[in-house]
Amino acid sequence: MNWLANTLTSSIGKKLLMALTGICFCTFLSVHLAGNLTLLSGSTMFNSYAAHLHSLGVLLKVAEWGMLLLAAIHILTGLTLFYQNWRARPQSYELKKRAGGRTLGSATMPYTGILLLAFVIMHLLNFHFVDKSQTTIYAIVAAAFAKPIYVVLYVAAMIVAAIHVSHGFWSAFQTIGANHPKYMPLIKIISLAFALAVGFGFGILPIYISMGA
Amino acid sequence: MSKHINLTLKVWRQKNQKEKGHFETISAPDISTEMSFLEMLDVVNEKLTLAGKEPIAFDHDCREGICGMCGAVVNGRPHGALKGTTLCQLHMRHFNDGDTIAIEPFRAMAFKIIKDLTVDRSAFDKIIQAGGYISVNAGGAQDANALPVPQDKAELAMDAAQCIGCGACVAACPNAAAMLFVSAKVSQFALLPQGRPEAARRAIAMVREMDRQGFGNCTNEAECEAECPKQISITNIARLNREFFKASFGSAVK
Ligand code: FES
């Protein structure tokens, strides 16, 4: 199994780990967004979505632990890449201009990533690790977004998430080697569309709830 | 019609690898716009030498854009801002009278500064030695069409083979990664039947050597492709990734 360790710890191997876990998170985001959009149909719909989700029982637990593992890989590998890439140029340029390849997303990947980690921790504390025995999940959400500070924080976090996936999505395909003259233009469009869907889809919910509540 | 312009250079001066470098302001008056960038430096160096000062050390060889020896970061851009050109093919007509030009060496941990603008790019040689070749038994020349190669594959291989190994990709990369270089060297063989027998060993050996030399990790910034004087495409990087995965997960090479 030495070969596997050698492969995964190589520069391309680390990128593969980032790409595969990243694609998993994109899938998760799609499912999460679809679920959350039930908020737009009111409390009954959202509470019943949550009830259905929790009726998965042990499957949900498996998914949660799986996500935690994926997150650990994505975060640790990402931080390693960040450190190694910083070290690869000990003396930076006095004057360096961009040539047009870099985008807002690509230039800020490690920073948006770290911000998202902070957000996810806050998010779990807000809605996951709370006592749900006496109340409904909708009530918890509505109570949170009655505070303007949470609306601002959540909307800001979704902008950060949109920037992160705008690069991450197409980059994952490039990394796994799926750069094809016929499909790459489409992948880049989907990448942008997905970023916008994440930004707007999740972003409008706190605003909607704070206004409706 | 030749024109003459006056320039101010801000050149990185560094005695050796150990010493801390600094920018020096040097005036370059009366420069013909027909000169190449390196000829301009020659003129400046002649003046410096006559004045008893140390000339600016810079790399160069063919001066016709094919050897890959020249290169510096000019006004923040490797090989200057002109697309698809090496520094030796950048002409002074692209500058204006009164311009100040900043000139810095390529910077990366794997490229140590030797002096001023000259950098040690032997890390690239090490990568080539690790697998950037094919093994053939010498003998009589084969019939021209004994090995059929589709035209489009031949073109792609030629595009990759255009890489002159100048290091601008590393210089341009925010991570100082050498992926564009390695991907071009792997692709030129991977696309042709002559390169297939050793493809798995080559991909693994070259990537490992690249990592060992201390280059950064590619994060698909695509700055390399924008700065490459031979306009090598990052589709080669995707091909390198495919070759590496095929070799790592699908071949017996360890
Ligand atoms: S000196 Fe040979 S490419 Fe510039």
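Among the listed residues A:PRO110, A:PRO148, which satisfies the condition of being away from chain B (no Cβ under 14 Å) and in contact (Cβ under 8 Å) with a residue 12 or more places away in the chain?
A:PRO148
Just checking, how many residues over the stretch A:174-213 are open to solvent by 10 Å² or more (accessible area, probe 1.4 Å), closer than 27 Å to B:SER233 by Cα, in a helix (DSSP H, G or I) and free of Cβ contacts under 8 Å to residues at least 60 places away in the same chain?
9
Could you pull out the residue among B:GLU243, B:GLU221, B:GLU209 that is in contact with a helix residue (DSSP H, G or I) (Cβ under 7 Å, 6 or more places away or on another chain) and at the interface with chain A (Cβ under 7 Å from one of its Cβ atoms)?
Step by step, each of B:GLU243, B:GLU221, B:GLU209 is checked, and only B:GLU221 is in contact with a helix residue (DSSP H, G or I) (Cβ under 7 Å, 6 or more places away or on another chain) and at the interface with chain A (Cβ under 7 Å from one of its Cβ atoms).
Can you name the number of the only condition in (1) more than 9 Å from the ligand (Cβ to nearest atom); (2) in a loop (DSSP other than H, G, I, E, B); (3) open to solvent by less than 60 Å² (accessible area, probe 1.4 Å) that B:MET40 fails?
Going through (1) more than 9 Å from the ligand (Cβ to nearest atom); (2) in a loop (DSSP other than H, G, I, E, B); (3) open to solvent by less than 60 Å² (accessible area, probe 1.4 Å) one by one, B:MET40 breaks only (2).
Here is a yes/no grid of residues against (1) open to solvent by less than 50 Å² (accessible area, probe 1.4 Å); (2) within 11 Å of another protein chain (Cβ to nearest Cβ); (3) within 16 Å of the ligand (Cβ to nearest atom):
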site	(1), (2), (3)
B:PHE23	no, yes, no
B:SER32	yes, no, no
B:MET35	yes, no, yes
B:ASN45	yes, no, yes
B:GLY76	yes, yes, no
B:GLY98	no, no, no
B:PHE106	yes, yes, yes
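Taking the stretch A:83-101, which residues are touching a helix residue (DSSP H, G or I) at 6+ places or on another chain (Cβ under 8 Å) and open to solvent by 70 Å² or more (accessible area, probe 1.4 Å)?
Answer for the stretch A:83-101, where residues must be touching a helix residue (DSSP H, G or I) at 6+ places or on another chain (Cβ under 8 Å) and open to solvent by 70 Å² or more (accessible area, probe 1.4 Å): just A:ARG98.
Between residues in the stretch B:47-71 that are more than 22 Å from B:ASP30 (Cα to Cα) and open to solvent by less than 20 Å² (accessible area, probe 1.4 Å) and residues that are among the polar types (S, T, N, Q) and more than 6 Å from the ligand (Cβ to nearest atom), which pairs lie under 7 Å by C-beta distance while being six or more apart or on different chains?
B:GLY65/B:THR85; B:GLY65/B:GLN89
Can you go through B:LYS126, B:LYS83 and tell me which one is closer than 29 Å to B:ARG208 by Cβ, open to solvent by 10 Å² or more (accessible area, probe 1.4 Å) and more than 15 Å from the ligand (Cβ to nearest atom)?
B:LYS126
A:HIS32: more than 20 Å from the chain's Cα centre (by Cα) and part of a helix (DSSP H, G or I), yes or no?
Working: more than 20 Å from the chain's Cα centre (by Cα): no; part of a helix (DSSP H, G or I): yes.
Judged against the criteria, A:HIS32 is not a match.
Under the condition of being out of contact with any Asp or Glu (no Cβ under 9 Å at 6 or more places or on another chain) and surrounded by fewer than 18 Cβ atoms within 10 Å (Cβ to Cβ), which residue from the stretch B:86-96 is nearest to the other protein chains (Cβ to nearest Cβ)?
Step by step, filter the stretch B:86-96, then rank; the result is B:HIS94.
Being crowded, with 19+ Cβ neighbours inside 10 Å and assigned to a helix (DSSP H, G or I) is the filter here, so list the residues in the stretch B:158-177 that pass it.
Scanning the stretch B:158-177 gives B:ASP159, B:ALA160, B:ALA168, B:CYS169, B:VAL170, B:ALA171, B:ALA172.
Going through the stretch B:5-21 one residue at a time, which ones are open to solvent by 60 Å² or more (accessible area, probe 1.4 Å) and either of a type in the set (D, E, K, R) or under 15 Å from B:HIS94 (Cβ atoms) (or both)?
Residues satisfying the conditions are B:LYS10, B:LYS15, B:LYS18, B:GLU19, B:LYS20.
The values are calculated or read from the model by the stated rules, or taken from the named source; none is laboratory data. Computed from a prediction, not measured in an experiment: that's the story for all the values here. Cβ: placed from backbone, ideal geometry, glycine included. Neighbour counts: every protein chain shown. The accessibility values were calculated without ligands, DNA or RNA, using every heavy atom of the protein model including side chains. Shrake-Rupley method; radii C 1.70, N 1.55, O 1.52, S 1.80 Å.
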